[in-house]
Each structure stands twice: as structure tokens, then as C-alpha cells.
Amino acid sequence: MTIPETDFDPYAAEVLANPFAHHDALRALGPVFRLPRYSCYGMARFADVRAALHDWETFVSSRGVGLADFAQEEPWRPPSLLLEADPPLHNRTRGLMTKVAALPGLKARLPEWKDKAADLVAGLTGKGQFDAVPELAEAFPLGVFPDMIGLRDDGRENLLPYAMTAFNAFGPRNALLAQSLAAAGPATEWVMQACRRENLKGSGWAADVYAAADRGDCTEQEAERLVRSFLTAGVDTTVNGIAGLLYALALHPQEWQKLRADPSLAKKAIEETLRWAGIAQTFFRTTSRAVNIGDVTIPQGQKVVLFLAAANRDPDQWSDPDCFNVSRNASGHVGFGFGIHQCLGQMVARFEMEAVLAALLAHVSEIRLVGDIRRRANNTLFTIEHLPVEFIPA
Ligand code: OVM
């Protein structure tokens with residue numbers, strides 16, 4: 001059978017502004033389709049996206065998890081030793097980083113994070129209208145994450161522009177990428193320098209990575225690049241997780257009141273946000289061999305774009321998938337990916353969202369959307385740049 005083709009452009013401005021409007025059509029094409037515009041294949045159904053993420057031997061990461069094929073073109077930065085690596089290298093780096101980011105150390109920080117979130121939210125409650133992106137969604141992660149890493153104090157404003165570039169770089173070489181590369185040159189250089197042992201604090205996750213190098217689990221150069229993974233993946237993603245949570249709750253006042261009436265739904269509400277918000281829209285894999293999907297074949301050496309956000313709203317997997325429902329069991333979503341590359345920092349993201357949500361439940365009775373949200377176009381992330389709200393005191 002011939003593979004369905006579509007002239008759909010995932011990176012058209014109008015699509016980046018509202019990707020969900022196009023996902024029904026993508027899922028309807030079949031388990032796999034071709035996007036001749038980008039000389040790649042795509043999958044948008046939950047079962048197929050999940051199966052591809054699971055099969056890391058066929059759908060490899062070492063040729064890049066964006067459109068660029070590292071076997072054909074030079075990556076924009078030295079490849080990540082985690083994200084853009086396959087076993088056996090990936091097993092070693094992932095094992096080391098999993099220990100650094102282990103749950104007990106993270107749990108120990110939660111009380112302090114909750115205090116910090118409560119202070120921030122209390123300061124914003126009853127003060128009238130404000131932009132919840134800079135004042136909360138950015139302020140909170142920037143207030144806790146760089147300190148946990150042990151990052152230098154000066155220059156932290158470079159983290160967000162750098163991350164925007166990194167996520168744009170998973171897409172095509174379009175105007176968005178060109179603009180962010182041009183704008184973020186110094187930010188990228190700052191991040192590279194900030195990852196060096198001599199520029200980091202003596203304690204924190206970065207110091208723990210260098211301790212692994214001292215034990216011989218990785219080289220000094222590898223440690224530097226692994227610290228870079230924390231800084232690339234850990235900031236903009238959680239900013240948009242928190243922004244997505246605030247937006248979802250502001251947009252669905254009845255869901256917010258359900259949560260207030262039963263705060264034990266908090267964890268479910270966070271998982272539902274991760275499913276519904278579509279923060280990481282897409283990631284790619286490259287086929288290491290020809291692979292049959294149903295009655296069609298993807299040849300070897302092909303880029304495949306996995307529409308994670310479409311999978312997370314597949315009606316064959318989720319009932320009433322576009323509906324944000326805090327009492328839904330959203331576990332099993334692929335918002336953090338799936339399989340051996342599933343987000344290493346997912347518990348950091350959940351704990352940050354939990355701290356913010358607990359603060360909202362303690363201080364706020366109503367989250368009022370008082371204007372239009374604005375998004376910042378990005379080739380991978382579905383971002384919120386401006387979220388005008390008012391917090392009514394409890
Ligand atoms: C990395 C990394 C990991 C996950 C996401 C990501 C830019 C980067 O290892 O550099 O997004």
C-alpha cells in the first residue's frame with residue numbers, strides 16, 4: 001500500500017499559533033503519513049506515537065530528535081549526551097543523571113519550594129491585574145531551579161533565550177530559528193561557559209555531575225555537556241508547564257472550583273495539564289532500518305516527526321480529549337515522552353507545578369482571565385508569553 005501524503009506544514013505561523021486545530025486531520029491520515037514538504041514521515045495517533053517512542057532500536061535519537069539528520073548535517077551545538085544519544089552511551093549518561101536527579105533529594109526541597117511559591121502567590125493575590133508569565137510562571141522556576149543546579153548568580157537571564165533557541169532548533173531552518181539564533185548568540189555562549197566546573201557552585205546537581213566525573217563515571221567534558229542538558233531542558237519547559245496550568249485553570253473556572261472543593265485532585269490536575277496543554281508539541285526520531293507500520297513501510301534512514309500533543313488528544317485513547325478535566329486519570333500521556341528517553345526531569349516539573357498549585361489553593365478563590373493570552377511562536381514548544389490575570393483572595 002502507498003503511504004498517505006499531506007502538504008501540511010507543522011511550522012506554518014498559523015499552525016504554530018493553533019496546532020490542535022490540525023490534529024484531527026493528521027490522525028485521520030492513518031498510523032503514518034509522509035510530509036513531502038520536509039522529506040519526512042509523521043505519526044499523530046497515540047498508539048503509534050507511543051510504540052515508536054518505545055522502540056528505540058528502530059526509532060533512534062542519535063541522529064537528532066529534530067528535523068535535522070545529524071548523519072547529513074552538522075548539529076547547531078555539540079549533541080546532547082542524553083537526548084541525542086542511543087544505548088550504550090545513553091545508558092551510561094542516563095544512569096548517572098538519574099542518580100543526580102533522584103527523588104529523595106528532590107522531595108527534601110519541596111517544603112522550601114512550597115514556601116517560595118506561597119510567598120510569590122501571596123504577593124500577587126489581591127493586587128489587581130498582572131502578567132502571570134513573568135511574575136509567576138517564570139519567576140518561580142527561575143527562583144528555584146538554577147539554585148538547585150548550583151548555577152552562578154550573574155547572567156541567569158540568558159537561560160530563557162537560550163532554551164527558546166534550543167527548542168526552535170528541533171524544527172526546520174526557518175525564520176524563527178534564524179531570529180532566535182541571531183538574538184541568543186551571547187546567551188548560548190553564556191550557557192556553555194556556565195556549565196564549566198570553575199563557573200559552578202560547590203554544591204548542587206552540577207557539582208554532583210562533576211563528582212561523577214571524579215569517580216570515573218564520565219569524563220570532565222561529558223560532565224560539562226550533561227550539566228548543559230539540565231540548563232537546556234529544565235527552565236523553559238517548566239515555565240510553560242506552570243503557565244499552562246494557570247491558563248487551564250483560568251479558562252475552566254468550574255475545574256478550579258472542583259479543585260478548591262477537593263484539593264486531593266491536585267496531582268490529577270497536574271497530569272491533566274501535561275496531557276492537555278501540549279507544551280512539547282513534537283519530537284523526531286530517525287529510522288535505523290525499514291519498518292512496517294500496518295500495511296506501509298518507512299524506509300531506513302528517514303526522519304519521523306511524532307506529534308506528542310496530537311497523541312495526547314487522540315479520541316481513540318482519551319474520552320472527550322479536548323476537554324480539560326481535573327478528575328480525569330491522565331496518567332500514561334506522552335507529554336514527557338515515553339520509553340528510555342522519557343523526561344529525566346519530570347519529577348522536577350511536577351514538584352514545581354505542585355508547589356504553585358498548593359500556593360494557589362491556599363491563597364486564591366478565583367483566577368480571572370482579564371485579557372487575551374499571547375503565545376510566542378516556537379518550532380517545538382507551545383508557549384504562553386503573556387497571561388493577563390487577576391487573583392481574587394480566598
Ligand atoms: C538536552 C535536552 C534534553 C531534553 C530536552 C531538551 C532542548 C534538551 O539534553 O540537551 O530540549
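We did not get these values from a lab; they are worked out from the coordinates using the rules stated. Every value quoted in this text rests on a predicted model; they were computed, and no experiment measured them. Cβ sites come from the backbone with ideal geometry, for glycine too, and all protein chains shown count toward neighbours.
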For K201, counting only aspartates and glutamates whose alpha-carbon sits under 20 Å away and dropping same-chain residues fewer than eight positions off, the answer is E112, D147, D153, D154, E157, E189, D214, E220, E222, E224
As straight-line cross-link partners of K303, the qualifying lysines (C-alpha separation under 16 Å, not fewer than 8 residues apart within one chain) are none
Among K267, K303, K99, the residue with the largest mean-square fluctuation in a Gaussian network model of the chain built from Cα contacts under 10 Å is K99
Segment 129-228: Kirkwood hydrodynamic radius (Cα pairs, Å) comes out at 14.8 Å
Log entry: pair-distance distribution for segment 215-316, C-alpha pairs binned every 5 Å from zero, whole % per bin is 2, 10, 12, 14, 14, 13, 12, 11, 7, 5, 1
Under 5 Å from the placed amide H of C40, counting only residues 5+ away or on other chains, we find L35
About its Cα centre, segment 1-96 carries a charge dipole, from +1 on Lys and Arg Cβ atoms and -1 on Asp and Glu Cβ atoms, whose size in debye to the nearest 20 is 320 debye
Phi-derived 3J(HN,Hα) across segment 163-177 with the Karplus relation (6.51, -1.76, 1.60, θ = phi - 60°), rounded Hz, x for Gly and Pro, is 5, 4, 5, 4, 6, 5, 6, 7, x, x, 7, 8, 4, 4, 5
For K114, counting only lysines whose alpha-carbon sits under 17 Å away and dropping same-chain residues fewer than eight positions off, the answer is K267
A chain fully extended from T98 to H54 at 0.36 nm per residue, minus the present Cα-Cα distance, gains in nm 14.0 nm
At R0 = 41 Å the Cβ-Cβ FRET efficiency linking D322 and M1, nearest 0.05, sits at 0.85
Rh (Kirkwood, all Cα-Cα pairs) for the chain, Å, reads 21.5 Å
Each label sits 7 Å from Cα toward the beta-carbon; between D115 and D154 the label points are separated, in nm, by 2.9 nm
If one builds a Gaussian network model of the chain from Cα atoms under 10 Å apart, the most fluctuating residue listed among D372, D147, D208 is D372
Given unit charges at Cβ for Lys, Arg (+) and Asp, Glu (-), the dipole magnitude of the chain about its Cα centre in debye, nearest 20, is 480 debye
Mean 1/r over distinct Cα pairs of segment 21-163, inverted to a Kirkwood Rh in Å, yields 19.5 Å
Between the alpha carbon centres of segment 333-347 and segment 1-17 the gap in Å comes to 25 Å
quick note, the chain, DSSP beta bridge pairs, % antiparallel (nearest 5) is 80 percent
Asserting the computed 222 nm helical MRE of the chain (DSSP H runs at least 4 long, -39500 (n - 2.57) per run, divided by residue count, to nearest 500) equals -14000 deg cm²/dmol
Checked segment 9-70 with the C-alpha gyration tensor, a ≥ b ≥ c its square-rooted eigenvalues, rounded below a/c of 1.5, otherwise prolate if a/b is larger than b/c and oblate if not; verdict oblate
